[in-house]
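Worksheet: one structure, shown below.
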Amino acid sequence: MMNQKRYPIRLTLFILICVVIICGGIYLFFFQSGGEKTRLDERHTEQQVSRQKYKNKSLIYLYFADKQNTFLIAEEKALSHSDDPAEFGRAIIEELIKGPRGELMRTIPENTALNALYISQDGTAVVDLTNAAKKNHPGGSQSEIMTIYSIVNSLVLNIPEIDRVKILIEGRETMTLAGHIDLRFPFKADMMRVR
């Protein structure tokens, strides 16, 4: 009699353990693989956003100095960029820093880097360059003018949201780049300097 009572209890216990194991397996299969799928979906979405961020490709004009360093000449370049005007501006300044591809002359001294670029609500782009822009500048008022308007024209004439440009060095206002042109105020594009 005693054995018959134990047998159904053991069988019930065995069935209960099997049910728990099966339910645990189902939970792991659906929810854990779903979690992995969610992580893969998130990674895929991040990659799509990153690709979309730079999906725009525009033909832009970068302004570099001519051989005599008297005028700016536009060099065409297809550039992938973001919809964000500040990001687009950063991409343009980075291209200016790399220098021209052809026979034109660089306008931003070598070893210069861009610290920051932002656009205020009044359409002023603030370009913050490293000290190398000042320290490595070749000097002379004409070279200084070429540097300033290379930056200003390249931003204002390519990005509609930018009306004027203010140049900072290491996050601070500076009187001049090389002793001639007052940098305390923003500059508008100057087409008289372009050939």
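Values in this text are rule-based calculations from the coordinates and carry no lab data. This one's a predicted model, so the numbers in the text were calculated from it and none came from an experiment. Counting neighbours? That spans all protein chains shown, and the Cβs are built from the backbone with ideal geometry, glycine included.
Before moving on, here are some points about what is shown:
- With both residues required to sit in the stretch 56-193, DSSP beta bridges show an antiparallel share near 75%.
- For the stretch 56-193, the normalised intensity computed at q = 0.14 Å⁻¹ comes to -0.55 (log10 of I(q)/I(0), Debye sum over alpha carbons, equal scatterers, no solvent).
- Modelled spin labels at residue 195 and residue 121, positioned 7 Å past Cα toward Cβ, are 4.3 nm from each other.
- Straight-line reach from residue 135: taking Cα to Cα under 14 Å and skipping same-chain neighbours fewer than 8 places apart, the aspartates and glutamates in range are 110, 144, 170.
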